[in-house]
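Any read-out appearing in this document is the output of simple, stated calculations on the displayed coordinates, not a laboratory observation. For clarity, every value in this text was computed on a predicted model and none was experimentally measured. Backbone-built Cβ (ideal geometry, glycine too); neighbour counts: all protein chains shown.
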Amino acid sequence: MSGIGAPFLLLLACSASSPRQLQVLLGLDSGGRWLRLAVILLAAGAQLGRLAFLCSKLPFIENRHASIHADKAWPDGDRGEFFNWMTRHVPKEEIVLAAMTLSAELRLATPLKLAIHPQFEAQHLRDRVQELYQFYQCTPPASFAKTMKKYRSRYLVLEFKRCSFGPFLLDKYPEVNCKEGDRPWQDLFCPRALASPLFELQWANAEFAVLRLRGKE
């Protein structure tokens, strides 16, 4: 398909760079300028028609906007905005607490220190993840504030897509586990932390909220 317009391109180049050759080829005299111009316009029109034809075959997303938004296929803007804010406003010496996957992204995109290391080679790292992942359960904010102090972390990143009941429970902390239907949504740590006087909201967008633990600087 990409070779459809090649002859027209060659003819157009020939007529533009060497009009005398075109005149000899077509047997035109000096009075055939209008015919030569017509040939050039015909070649250009054919090329434009070819481009229009190829564009008509491009994929479109008509009637798919609902599924695309439901799948959250466009988070890059919010994520880039989040990385930019974290780099500019969180001191490099601070230890940030976030989910494992987000911690891995923060390690790549920012100079910040993270409480969760995205590796599982060591038992103590797995134990740390279990302890810090209490913020996905019905953990009281006061209890989790003590956990943050244990790891010398004052900054907590909440992902709004995770402010809901999850399918996984903690083996080592069954006292804070909660399933959908057994406890109301308001008992989850996420909404309680956003309303708790123990945490100060530093920044938020449609995807993330950055909380700072109140206390001594």
With labels modelled as points extended 7 Å from the Cα through the Cβ direction, what inter-label distance (nm, one decimal) is found for Q186 paired with T87? 4.1 nm
How far is it, in nm, from the label point at E207 to the one at D78 when both lie 7 Å from their Cα along the line to the Cβ? 0.7 nm
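Hey, what's the Kirkwood Rh for the range 114-191 if you take every pair of different alpha carbons, in angstrom?
When all Cα pairs of the range 114-191 are included, the Kirkwood radius is 13.2 Å.
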Determine the gain in length on full extension of the stretch D171-L198; use 0.36 nm per residue of separation and subtract their C-alpha separation, reporting nm with one decimal. 7.0 nm
Using 0.36 nm per residue, how much length does the chain from E121 to L108 gain when fully extended, once their Cα-Cα distance is taken away? 2.7 nm
Testing the spin-label approximation: label points 7 Å from Cα along Cα→Cβ at R152 and I95. State their distance in nm. 0.6 nm
